[in-house]
Amino acid sequence: MDERILAVQRMQDYIEAHLDEKITLSELARAAVFSPWYSYRLFEHYTGLTPADYIRRLRLSRSALKLKNGDCRVTDAAFELGFGSVDGYTRAFFREFGVLPGTYAQDPSPITLFIPYGAKFRAMRKDNTDMKNTNNIFIQVIRKPARKAVIKRGICAEDYFSYCEEVGCDVWGTLISMDSLCGEPVCMWLPENMKTPGTSTYVQGVEVSADFDGAVPHGFDVISLPNSEYLMFQGEPFAEEDYCDAISAVRYAIDRYDPSVIGYCRDNDNPRIQLEPRGERGYIELIAVKPLTK
């Protein structure tokens, strides 16, 4: 991989590891192993932000999660994440999210958090992988209750990459700020009965309770999901740079697994679900199934 991309990734990794400390351009340059001037130029080119703006936005988003979860007061959030004053933090928070931090802490309605994407992951494409004969895949049947999902539809996207091109990558930041029944946002491939004309099969959203009546971000829809059973396919833990291979391994298993051996068949009236690829737990997809009729 291009050494310039890896240098930016090293700077991003350094920021992540030292977010609650003072971070200087000299320290980032040492992590990049380039001059401060060139490191600055590389960072801005590959992330679209200056190092200072990147750090500020990431700190504000981390503080918003702390406020949402009730982990700290506004004053604590301001100083723990390196802001010089509560007033300065309050102004920065309002500019970023359009709401005062105190107001958000009392009523955490959906906001768009900054979710950084590693430079080296942006450079990878899923179609360059071939992982058919490695890794064990764990399969189990799980049941999901009747529920709703708050989703953002695309135009004609069939996968993550085309979806991001259509709607941008900020959708995930909004979803992270929302409470979810399963504890995290999900990606879904919708069946035809859940699509609307001129919209994508692939969507991102959060699963919420069946009686949900909370705030819905602008441009999002709410759909109802019935009580249903799923086969959960989970791969082995993987190194983050190998996430494309991990996805391919699970999908290879999905394509070749016959659910009739355990008394099920595919349920094409419920969405296929994808969880965020996380190396520490392995890649996970859920395939809707229903019992075979006798």
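Where the second residue is of a type in the set (Phe, Trp, Tyr) and surrounded by 15 or more Cβ atoms within 10 Å (Cβ to Cβ) and the first is on the phi < 0 side of the Ramachandran plot and lies in segment 30-46, which pairs have Cβ atoms under 8 Å and are six or more apart or on separate chains? Between residues of segment 30-46 that are on the phi < 0 side of the Ramachandran plot and residues that are of a type in the set (Phe, Trp, Tyr) and surrounded by 15 or more Cβ atoms within 10 Å (Cβ to Cβ), the close pairs are Ala31/Tyr14; Ala32/Phe43; Leu42/Phe34; Phe43/Tyr54.
Screening segment 1-109 for helices (runs of 4 or more DSSP H) wholly inside it with 3 or more residues that are among the basic types (Lys, Arg) and touching a helix residue (DSSP H, G or I) at 6+ places or on another chain (Cβ under 7 Å) returns the ranges 51-68. Restricting attention to segment 212-246, the residues that are closer than 21 Å to Gly154 by Cβ, among the hydrophobic types (A, V, I, L, M, F, W, C) and surrounded by fewer than 17 Cβ atoms within 10 Å (Cβ to Cβ) add up to 2. Considering only residues in segment 61-104 that are among the basic types (Lys, Arg) and free of Cβ contacts under 8 Å to residues at least 40 places away in the same chain, the one that is surrounded by the fewest Cβ atoms within 10 Å (Cβ to Cβ) turns out to be Arg95.
For segment 115-131, the candidate set comprises residues that are surrounded by 14 or more Cβ atoms within 10 Å (Cβ to Cβ) and among the basic types (Lys, Arg); within that set, the residue that is modelled with the lowest pLDDT is Lys126. None of Thr201, Thr174 is touching a residue at least 40 places away in the same chain (Cβ under 8 Å), polar (S, T, N, Q), closer than 23 Å to Thr47 by Cβ and surrounded by 20 or more Cβ atoms within 10 Å (Cβ to Cβ) except Thr174. Within segment 263-294, the set of residues being free of Cβ contacts under 8 Å to residues at least 12 places away in the same chain and either assigned to a strand (DSSP E or B) or within 20 Å of the chain's Cα centre (by Cα) (or both) comprises just one member, Arg278. Would you be able to say whether some residue in segment 17-26 is within 26 Å of the chain's Cα centre (by Cα), over 30 Å from Asp179 (Cα atoms) and not assigned by TED's automatic domain parsing to the domain that holds Asp179? Yes. On the stretch given as segment 19-35, residues that are of a type outside the set (Asp, Glu) and either closer than 19 Å to Ser85 by Cα or surrounded by fewer than 16 Cβ atoms within 10 Å (Cβ to Cβ) (or both) total 8.
The values are calculated or read from the model by the stated rules, or taken from the named source; none is laboratory data. Keep in mind that what you see is a predicted model, and the values were worked out from it rather than measured. For neighbour counting, all protein chains shown are included, and Cβ atoms are generated from backbone atoms with ideal geometry for every residue, glycine included.
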